[in-house]
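First up is the structure itself, then whatever we jot down about it.
Taken together, the values in this text are just the output of simple stated rules run on the coordinates, not laboratory data. Computed from a prediction, not measured in an experiment: that's the story for all the values here. Every residue, glycine as well, gets a Cβ built from its backbone with ideal geometry; the counts of neighbours run over all protein chains shown.
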There are 2 protein chains.
Amino acid sequence: MHDHHQEEHLGSSEFITDIVIGMSDGLTVPFALAAGLSGAVSTNDIVVTAGIAEIVAGSIAMGLGGYLAGRTEIEHYDSELKREYDEVERVPEREKQEVKEVFAEYGLSPHLQDEIAEELSKNKEKWVNFMMKFELGLEKPDPNRATKSAITIGVAYIIGGLIPLSPYFFTSNPISGLQYSCIATLVCLFVFGYFKSKVTGQPPVFGAFKVTAIGAVAAAAAFFVAKLLE
Amino acid sequence: MHDHHQEEHLGSSEFITDIVIGMSDGLTVPFALAAGLSGAVSTNDIVVTAGIAEIVAGSIAMGLGGYLAGRTEIEHYDSELKREYDEVERVPEREKQEVKEVFAEYGLSPHLQDEIAEELSKNKEKWVNFMMKFELGLEKPDPNRATKSAITIGVAYIIGGLIPLSPYFFTSNPISGLQYSCIATLVCLFVFGYFKSKVTGQPPVFGAFKVTAIGAVAAAAAFFVAKLLE
């Protein structure tokens with residue numbers, strides 16, 4: 001019951017975490033890129049073109065990268081699962097020994113270690129699941145999660161990236177665009193940092209400042225480095 | 001012994017994983033950004049400025065972001081650890097019940113569940129460590145890892161990003177720069193994809209193609225979207 005509740009909670013917050021990850025990265029990198037270019041070029045259209053190219057590149061790299069990472073996790077789990085089933089079949093005594101070692105580490109008596117290993121070995125499926133989680137530390141990944149996660153992160157990155165970029169559509173020069181971009185982006189970074197910290201159970205205001213600071217440092221560094229190159 | 005060996009193995013591959021993460025992202029996003037701009041601007045210096053600004057922004061966002069994520073993980077672990085110590089002190093019976101529930105899930109008999117809970121509760125430190133790992137699924141994070149990881153990923157991103165960008169230093173126009181950039185970057189993505197897959201235990205050649213494909217798709221998409229904006 002307790003476990004089930006916790007998993008549900010994690011499930012819904014994973015979706016929110018994906019949004020926040022995509023959006024705060026989408027806010028940070030295009031913001032810093034646009035800021036960097038604003039110090040080095042004289043027209044808004046270069047900033048806009050570079051910004052859009054970055055958003056396309058970043059959302060594909062993060063989304064597709066996240067998708068493939070998720071697929072890899074599933075394949076890794078499945079191949080380890082197959083190996084464990086194979087091992088409890090072929091070398092049951094060695095696998096029992098591994099169960100005992102898990103509990104020896106927590107100071108349980110040898111007598112109790114034996115009993116646990118014996119009882120576990122009566123049900124192969126549960127035995128294998130036990131080994132997956134307690135020996136290898138692997139949780140069964142949700143097979144739909146990779147796709148959902150990729151789409152969520154990619155779309156959030158695009159939306160996040162359009163926030164720092166949009167002022168350049170409406171202003172007449174990059175420095176004026178940069179001013180509005182700073183205001184809009186830093187406010188959004190603060191809000192997303194707040195929610196990100198809430199979701200991960202951290203002090204939200206402190207977390208909001210951290211996320212905002214990363215964006216501000218990245219943008220300032222990009223601005224000054226690009227200025228040096230002029 | 002077995003466990004110890006596994007942890008050592010993970011430790012060294014985490015460093016390599018950080019290099020590969022930073023470098024393959026550093027290769028992908030600046031490559032795609034430069035490709036996008038190559039289709040839209042007529043001089044190399046804009047591509048170079050935007051590329052450098054992106055590398056600065058991306059390395060700070062990834063490095064600092066990774067550092068803060070690592071710190072958050074440590075703080076989260078420490079606060080949960082404190083809570084578990086508090087709970088075994090205040091409500092030991094409820095905590096014993098939670099131990100039993102962990103084993104009920106794997107089909108162990110109630111009699112054995114009781115015995116495990118009793119023995120575990122004799123040593124508070126081991127009991128708490130057990131709860132951290134098996135109830136909450138939390139592993140003790142390495143306190144130095146956050147800093148090391150941040151520096152490794154950030155530096156690898158910079159080195160990775162300079163590979164797609166360097167052809168634009170030596171060529172006379174963006175399209176010619178793009179041609180050399182494609183060759184250099186796709187070869188490097190393939191090599192890093194190969195090692196990335198080796199490290200994560202996946203089929204290396206297939207993995208190499210996947211990583212290369214993400215880079216190629218991101219670059220092609222950025223190129224065509226930027227062309228549309230012209």
Q: Project the alpha carbons of region B:96-141 onto their principal axes and report the range along each, largest first, in whole Å.
A: 34, 22, 11
Q) Placing a label point 7 Å from Cα toward Cβ, how far apart in nm is residue B:228 from its equivalents in the other copies, listed shortest first to one decimal? A) 3.7
Q: Starting from a label point 7 Å past Cα on the Cβ side, list the distances from residue B:217 to the same position in the other copies, nm, shortest first.
A: 3.2
**Q.** Distance violations [Cα-Cα > 30 Å] among B:100/B:196; B:124/B:148; A:126/B:124; A:82/B:210; A:100/A:148
**A.** B:100/B:196; B:124/B:148; A:100/A:148
Q) Between copies, how far does the label point of residue A:201 sit from its twins, in nm, shortest first, when each point is 7 Å from Cα along Cα→Cβ? A) 2.6
Q.
Looking for one value pair here: nearest-to-axis residue in chain B (by Cβ) for the rotation onto A, and the distance in whole angstrom.
A. B:50, 2
**Q.** Crossing angle, helix B:145-165 versus chain B [Cα axis fit, 0-90 degrees, rounded to tens]
**A.** 20
Q | Distant-in-sequence amide H partners of residue B:138 (H built 1.01 Å from N, under 5 Å) | A | B:133
Q) What ranking do B:71-83, B:207-219 get when scored by the average of other Cβ atoms within 10 Å per residue, highest first? A) B:207-219, B:71-83
**Q.** Segments A:84-94, B:141-151, B:56-66 sorted - mean Cβ within 10 Å per residue, highest first
**A.** B:56-66, B:141-151, A:84-94
Q: Using only Cα atoms, find the angle between the long axis of helix B:92-104 and the longest principal axis of chain B, and express it within 0 to 90 degrees, rounded to the nearest 10.
A: 70
Q. Using helices alone, what [θ] at 222 nm do you get for chain B, with -39,500 (n - 2.57) per DSSP H run of 4 or more residues, divided over all residues and rounded to the nearest 500?
A. -29000 deg cm²/dmol
(Q) For region A:83-230, what does the relative contact order come out to in percent, with C-alpha contacts under 8 Å and a separation of six or more? (A) 12
Q) What are the ³J(HN,Hα) values, in whole Hz, obtained from phi via the Karplus relation 6.51 cos²θ - 1.76 cosθ + 1.60 with θ = phi - 60°, for each residue of region A:115-127 in sequence order, with x given for Gly and Pro? A) 4, 4, 4, 5, 5, 4, 5, 6, 10, 4, 4, 5, 4
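Roughly how many debye, to the nearest 20, is the charge dipole of chain B about its Cα centre, given +1 on each Lys and Arg Cβ, -1 on each Asp and Glu Cβ, and no other charges? Mind showing how you got there, number by number?
Values: 18 positive and 30 negative charges, 238 e Å.
Dipole size: approximately 1140 debye.
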Q | Placed amide H near residue A:41: partners under 5 Å, 5+ positions off or other chain | A | none
